[in-house]
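Working notes for the structure below.
Please treat every number below as a calculation from the coordinates, not as lab data. Predicted model, so just to flag it, every value in this text is computed and none were measured. Note: ideal-geometry Cβ built from the backbone for every residue, glycine included; neighbour counts use all protein chains shown.
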Amino acid sequence: MENKYKNTDREELLADISEMYYQEGYTQAEVSNKVGMTRSAISRMLKEARQKGIVEIRVHRPLRYDTELEMAIRKKFNLIEAKVINTGVNPDYDELKDRLGNAAAIEFQSLLKPNMVIGIAWGTTVKALIDAIPPSPIPNINVVQLLGVLGSTRHSYSGQSLVENLALKLGGEGHYLLTPFMVDKENTATILRQDLSIQQVLSLGVQSDLAILGVGSVKPDYCSLFQGNHISRQDLDTISREQAVGDVSGHYFDIQGNSANVEFHKRLMGISKENLLAVPIRLGVAGNPEKADAILGALRGKFINYLTTDNHTAIRILELADSN
């Protein structure tokens with residue numbers, strides 16, 4: 001059997017074999033004949049391609065919803081809508097975010113209309129939602145960044161990346177708030193807000209018809225700001241000492257939904273709490289029982305009026321609501 005690929009780059013060969021097998025539907029025996037290698041060699045190379053990340057296999061589970069929990073959450077917090085996906089055994093956090101993103105994307109698409117202004121802050125679950133949306137152009141859509149930039153490094157879950165991605169998918173126009181999300185002095189924030197280009201973006205954010213929101217936690221393992229080195233452990237401990245349990249768009253609150261006495265609220269560059277709460281559709285996507293206290297505070301504080309979460313988290317939220 002003549003090896004037709006003996007002078008080919010190894011990873012190019014792995015990609016070619018993977019495409020033949022996974023995309024073009026050839027059997028391993030047929031791939032073996034086409035490239036001039038044994039069938040056992042093809043089997044080993046397909047395994048190597050998966051190990052090297054050349055091939056990624058994803059299982060798309062069908063979404064199932066817990067209607068009883070949805071009704072309980074809606075009634076308890078006077079929400080317009082609640083979607084609670086049934087995950088069975090509690091999945092790992094990355095898998096959960098993907099599944100929540102899929103469910104929230106369906107809800108988001110049902111709310112989309114022409115001529116909307118859509119506001120986005122940042123977050124990993126918000127990213128999962130936007131990743132799950134198929135390209136679907138909508139007339140005259142504007143997508144605006146509600147909170148400033150997270151440091152000098154561009155992250156896939158940062159506001160500017162999410163605005164760009166969603167605007168591209170919807171065929172809309174993106175509007176970027178190119179300031180730090182938090183500056184070092186209150187006076188600096190005041191001066192920046194007087195800049196015309198910044199005023200224009202902030203003003204458009206206030207006009208949002210729909211905001212896509214994640215819920216941040218103050219627990220180190222689930223705090224994107226801390227995990228991304230945007231705030232220090234000392235900052236996080238200071239926030240926790242003020243009884244804060246979480247944040248939405250940088251606005252921290254306690255478990256009752258009241259604003260936490262956090263000094264850097266005055267130094268935030270983005271939409272104010274009052275203007276955020278005035279957005280008609282505040283679509284929150286968040287899950288994990290470890291974040292239930294943060295989500296409870298967000299619900300009590302009225303940061304969210306449409307919620308997508310999972311059954312394990314919903315149960316924990318209701319338990320906490322009854323005991324706090």
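By a straight-distance test (C-alpha under 18 Å), which lysines pair with residue 34 as possible cross-link partners, with residues fewer than eight away in the same chain excluded?
Correct list for residue 34: 4, 6.
For the stretch 35-49, what does the Karplus curve 6.51 cos²θ - 1.76 cosθ + 1.60, with θ = phi - 60°, yield as ³J(HN,Hα) per residue in whole Hz, taken in order and with x for Gly and Pro?
In residue order, the calculated couplings are 9, x, 10, 6, 5, 5, 5, 5, 4, 5, 6, 5, 5, 5, 4 Hz.
Could you work out the helix-only [θ] at 222 nm for the chain, with each DSSP H run of four or more residues adding -39,500 (n - 2.57) and the total divided by the number of residues, to the nearest 500 deg cm²/dmol? Each step should come with its number before you reach the end.
Values: 14 runs with 140 residues, N = 324.
Roughly -12500 deg cm²/dmol at 222 nm, from the helical runs in the chain.
In what sequence do 127, 169, 266, 75 fall when counting other Cβ within 10 Å, fewest first? Intermediate values should be presented prior to the final figure.
Working: 127 22, 169 18, 266 13, 75 10.
Ranking 127, 169, 266, 75 by Cβ neighbours within 10 Å, fewest first, gives 75, 266, 169, 127.
So, in nm, how far is label residue 221 from label residue 50 when the simple model puts each one 7 Å beyond its Cα toward the Cβ?
Here the answer is 2.8 nm between the modelled labels.
Full extension from residue 22 to residue 39: what is 0.36 nm times the residue separation minus their Cα-Cα distance, to one decimal in nm?
Fully extending the segment from residue 22 to residue 39 adds 4.6 nm.
Any aspartates and glutamates with Cα under 13 Å of the residue 76 Cα? List them, leaving off those in the same chain fewer than 8 positions away.
Counting by Cα, and skipping residues close in sequence, residue 76 has these aspartates and glutamates nearby: 68, 319, 322.
Place the peptides 188-199, 104-115, 270-281, 241-252 in order of packing, highest mean first, counting for every residue the other Cβ atoms within 10 Å and averaging per peptide. Walk me through the numbers on the way to the answer.
Working: 188-199: 12.8, 104-115: 15.6, 270-281: 18.1, 241-252: 23.2.
Top of the packing list down: 241-252, 270-281, 104-115, 188-199.
With a cut-off of 8 Å between alpha carbons and a minimum separation of six or more residues, what is the relative contact order of the chain in percent?
Working: 594 pairs, mean separation 56.5, N = 324.
Here the relative contact order equals 17 percent.
Using a cut-off of under 18 Å, list every residue of the stretch 215-234 whose amide N is near the label point 7 Å from the Cα of residue 92 along the Cα-to-beta-carbon line.
Of the residues in the stretch 215-234, 221-223 have backbone N under 18 Å from the label point off residue 92.
Within the set 83/291; 127/219; 97/291; 83/219, which residue pairs have Cα atoms separated by over 22 Å? Don't jump to the answer; show the numbers that get you there.
Values: 83/291 17 Å; 127/219 20 Å; 97/291 13 Å; 83/219 25 Å.
In this structure, 83/219 lie more than 22 Å apart at Cα.
Going by how many other beta carbons lie within 10 Å of each one, how would you line up 20, 71, 45, fewest first?
Values: 20 19, 71 12, 45 22.
In increasing order of surrounding Cβ atoms, one gets 71, 20, 45.
Only bridges whose two residues both fall in the chain count here: according to DSSP, what percent of them are antiparallel, nearest 5? Don't skip to the end; give the middle numbers.
Working: 9 of 32 bridges.
So the antiparallel bridges in the chain amount to around 30 percent.
Send over the Kirkwood Rh of the stretch 10-51, from the inverse of the averaged 1/r over different Cα pairs, rounded to one decimal Å. Intermediate values should be presented prior to the final figure.
Working: mean 1/r = 0.1019 Å⁻¹.
Its Kirkwood hydrodynamic radius stands at 9.8 Å.
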